[in-house]
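Taking it in order: structure first as structure tokens, then the write-up.
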Amino acid sequence: RPGWCVMWSGRVTPPLQAIIRRTSRLFSTSSTPPGRVDISSTENHDPGHIKEAAIPPGTQDLPEKPTVLPIVLCHGLMGFERLGPFDYFRNIKGTLQDMGCDVHVTVVHPTASIASRALHLRDQIHAIVKEKKKKVHVIAHSMGGLDSRYMISQLAGYDLVRSLTTLSSPHRGSTIAEWVNTNIGRTLKVEAMLKTIGVPYDAFNQLTPQYLEQEFNPRVTDVEGVDYFSWAASKRVPILHPLYPFWKAMQAAEGDNDGLVSVTSAQWGTYRGCIPCDHLELIGWSTLFDVAPTFAGVAKFLREYEKGGILT
């Protein structure tokens, strides 16, 4: 229904606005300028082992040159581009632009299916590629990594994307999604209620380990010509933090995690390491962790990657 659907311009409907605003109030929105630190790690993934993303102490200058190709940022579940003064990728787009990078933020439906989100993602990236006449580097947070993989594999996105970097994306699902579906979606009948008012619930059903491992991953395979990189995130969440119950449950079920996605689930393609933050700090939703240096490091890595890659 028009009154409830999310418009692709980034406007969010009243029910979702309320949820996002309540969440955002839990975190400070200080405008402290982002720091600058490099990330470098070239070891291959050793299953079961947390490989820390090497963030050298102190600060380093950002790369002298930006990435050759544009960077596209893709949000996760319940995502948006901007809600009032609040950015999904807080202090991140500006940091990359300060480096000279050409940065674009996409917006897809916050709770629709992966296939639906991927379709709208493809249309936006196609417009960018058509204008810039260059392929792009996609940097995706959380569910955005699944949308991007589907777009590349199933919707001919390989013609648009040179590389995909996922940050704490649940490539093998999340036990938290199972808990939400059982205790909130079905027991409290939230799924039925949302569908009644025209709000899709598909995203939650498609983030479970069962769906990702048995249906999604066997079908949505990597495509030759696109390089896949991933970073995980992990941090012991404080007991008073809103993510603590999820972190504790996931710690028992999947091991080290960031409150919503485990280190194991976040690894895909070339695994680059583990960032010491929680799932929300990874997009700047806290003043306790400055994530800007992390994204600056990812951009620097992509610049070095371009020097050795074949750009088309």
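The values are calculated or read from the model by the stated rules, or taken from the named source; none is laboratory data. This structure is a prediction, so every number in the text was calculated from the model and none was measured. Note that each Cβ is placed from the backbone with ideal geometry, even for glycine, and that neighbours are counted across all protein chains shown. To get the accessible areas, we keep the full protein, side chains included, count just its heavy atoms, and leave off ligands, DNA and RNA. Shrake-Rupley method; radii C 1.70, N 1.55, O 1.52, S 1.80 Å.
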Original post:
Is there a pair in LYS130/LYS300; LYS65/LYS132; LYS93/LYS135; LYS93/LYS195 whose C-alpha atoms are over 23 Å apart, and which pairs would that be?
Top reply: LYS130/LYS300; LYS93/LYS195
**OP:** Quickly rank 122-133, 245-256 as a protection proxy: mean count of other C-beta atoms within 10 Å, highest first.
**Re:** 245-256, 122-133
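Out of the total accessible area of the range 153-308 (probe 1.4 Å, heavy atoms of protein only), what percent is carbon and sulfur? Kindly include the intermediate steps, with their values, before the conclusion.
Details: 3550 of 6320 Å².
Of the solvent-accessible surface of the range 153-308, carbon and sulfur hold 56 percent.
Return one whole number: the accessible area per residue of the range 108-190 in Å², for a 1.4 Å probe.
34 Å²
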**OP:** Could you provide, to the nearest whole Å², the per residue accessible area of the range 227-312 with probe 1.4 Å?
**Re:** 38 Å²
